[in-house]
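For reference, the structure is listed below as structure tokens.
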Amino acid sequence: MIESVVDLGHVARNGASPTKLPVVCVQGLGFVGSAMAIAVADARDARGEPCFSVVGVDLPTPDGRAKVDAIAAGRLPVAANDGALRAALAAAVERGNLVATTDAAAYALASVTIVDLPLDVVLDDGRPTVRLEGFRAAIRTLGSAMPPGSLVIVETTVPPGTTEKVVAPELAHALAERGLPADAIGIAYSYERVMPGASYLESIVAIPRSFAGHTPAAADACEAFLSQVIDVQAHPLSRLPSTTACELAKVLENSYRATTIAFMEEWGRFAEAVGIDLFDVIAAIRRRPSHSNMRRPGFGVGGYCLTKDPLLGAVAARELHELPDLEFPFSSLAVSVNRAMPLVSLRKVEALLPHGLAGATIALMGVSYREDVADTRQSPSQAFVTEARACGATVVCHDPLVRHWVELAIDVHGEPPPLAGVDAVVFAIPHKAYRELDVERWLGDERPVVLDSSDVLSPGQRAALARLGCTVASIGRGERG
Ligand SMILES: NC(=O)c1ccc[n+]([C@@H]2O[C@H](COP(=O)([O-])OP(=O)(O)OC[C@H]3O[C@@H](n4cnc5c(N)ncnc54)[C@H](O)[C@@H]3O)[C@@H](O)[C@H]2O)c1
């Protein structure tokens, strides 16, 4: 019995009766699923009572079990620095309306299951593709267990067309094996814009959302559910006409962002070469309302999404819609430009060091993929460190939010490292802590080359470094102090 597995009744405390509430399962307890599970458990009705009992489900692998154990202990299973998310998790576990399990039988209890599975883009003979076997199997698991009348909401970022051409047939197949019609379980698609930083929880519940249903009834059910979890008064939902349109919205949104970031790289190089401060120029352009969110040059693009999502358009065209001639050249160029961007910083450091990279020591400031988040997945710093090491350099890493860098299996300094013997300092990620750094005190008697790769340093910090006699260079800024 599932009750004995997830022990929903036993965890109810303080007079709350989470077992009487509709059960929402979250399939996949990673960066998106764990935070979504907490957000759903935190949802309240007009009387301030919890709306749902939430069961987070992950795989019975060491990693999946570790995530389940973390939630049971009231700990976030992913790297995060949002006190509100941590507090909401602790409160939900204490209340008893959030539990986690590796037992897929939990889906039999679900009124709603939210699908937060990963879907990596991999290269097959040089061409991007996705391996759908695991995703298909996970969807079939839902079809084999979820009760008639329930709803599946897919949040995984997928090649547009996947809900219609993969999810719906897999569910229908599993339902048919139970003697149930294809529409016994509703299907909807809605994507997250979650940002695992200081406003992690807010980035789920206080942000505009798009959704769509495989059928009008499923769209209605999805809208009703999201309206209980998200602050739809402040952030009205956008209903899109089809799940493919909604999937496309996610992929286009991230492709647009990745492409506009990549686009700035060539202008940054030009500005550096001709002695122009591109940040001043962009600030002036941004005053034009239609260009107010123009991107800026920087160290690179990382994270799980922007590094792969722009490739999903071409995957969808070729593999789901028989449109092999639609190749999405801007999007794929953006991915390769962004991937190579950290190496532009490395080459700049190399040019500034009198003896090049071999034997040099570099202090790298920032290893997470963006400012004020602790997530290191696909961090541009990883490419920088890997290539710097390959060129014979030693890299000492600092990050205010990361103590252990999982992908490189190294410990990271939590305090600015001592600079004795350091030839170059690279400010890679604009963490707030760096803007507050007393550079003069930190440097002491040392005079390393300093590269500001992401407009991290203030004019005052740059001027102090120049006054001390350091060589200071920037990505996107032609003037040298
Ligand atoms: N900031 C973000 O990371 C972000 C933002 C928006 C959307 N997305 C998208 O959301 C999706 C999930 O991303 P993520 O960052 O949470 O991935 P993740 O890798 O952190 O987590 C995925 C989890 O799913 C689990 N899992 C895999 N197969 C399973 C199965 N069959 N049953 C149960 N659990 C299973 C994995 O063990 C893992 O814990 C991706 O499509 C991603 O592109 C991510």
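Tabulated data
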quantity	calculated
Length gained when the stretch residue 180-residue 471 is fully extended (0.36 nm per residue, less Cα-Cα span)	97.6 nm
At q = 0.12 Å⁻¹, base-10 log of I(q)/I(0) for the stretch 63-195 (Debye sum, equal scatterers on each alpha carbon)	-0.57
With Cα atoms, 0 to 90° folded angle of helix 380-390 axis to the chain main axis	50 degrees
Convex hull volume of the stretch 379-441 per residue (C-alpha atoms, cubic angstrom)	95 Å³
Chain lengthening between residue 406 and residue 69 when straightened (0.36 nm per residue, less Cα-Cα)	119.4 nm
Lysines with Cα under 27 Å of residue 20, excluding same-chain neighbours fewer than 8 positions away	67
Relative packing of 22-28, 168-174, which averages over residues the other C-beta atoms within 10 Å, highest first	22-28, 168-174
In Hz, Karplus ³J(HN,Hα) per residue of the stretch 52-64 (6.51, -1.76, 1.60; θ = phi - 60°; x = Gly, Pro)	9, 9, 10, 10, x, 10, 10, 6, x, 9, x, 5, x
Lysines with Cα under 30 Å of residue 165, excluding same-chain neighbours fewer than 8 positions away	250, 308
Residues 432, 165, 348, 67 arranged by fewest to most Cβ contacts within 10 Å	432, 165, 348, 67
Loop-located trypsin sites (Lys or Arg not before Pro) in the stretch 196-283 whose Cβ has at most 10 other Cβ within 10 Å (DSSP)	none
Net length gained if the chain between residue 322 and residue 288 were fully extended (0.36 nm per residue, minus Cα distance)	8.1 nm
Built amide H within the under 5 Å cut-off of residue 397, gap 5+	364, 413
Percentage, to the nearest whole number, of Cα pairs in the stretch 158-290 over 20 Å apart	62 percent
DSSP-loop GluC sites (Glu not before Pro) across the stretch 263-339, with at most 16 other Cβ within 10 angstrom	322, 327
Intensity falloff of the stretch 74-145 expressed as log10 I(q)/I(0), Debye formula with alpha-carbon point scatterers, at q = 0.12, 0.14, 0.17 Å⁻¹	-0.54, -0.69, -0.88
Nearest 10 degrees, 0 to 90: helix 168-177 Cα axis against the chain principal axis	30 degrees
Ratio of Rg to Rh over the stretch 279-385 (Cα coordinates, Kirkwood Rh, two decimals)	1.07
Charge-dipole axis of the stretch 398-467 as Lys and Arg at +1 and Asp and Glu at -1 on Cβ define it, positive-most pick from 459, 434, 444	459
Residue 45 paired with residue 238, simple spin-label distance in nm, labels 7 Å along Cα-to-beta-carbon	3.2 nm
Normalised contact order of the chain, rounded percent, pairs of Cα under 8 Å and 6 or more residues apart	11 percent
Tilt relative to the chain, helix 243-274 - C-alpha long axis, 0 to 90 degrees, to 10	0 degrees
Cα-Cα separations in the chain greater than 34 Å, expressed as whole percent	41 percent
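FYI, it's all coordinate maths here, none of it is from the lab. Just so it is clear, the structure is predicted and the values come from calculations on it, not from any experiment. Counting neighbours? That spans all protein chains shown, and the Cβs are built from the backbone with ideal geometry, glycine included.
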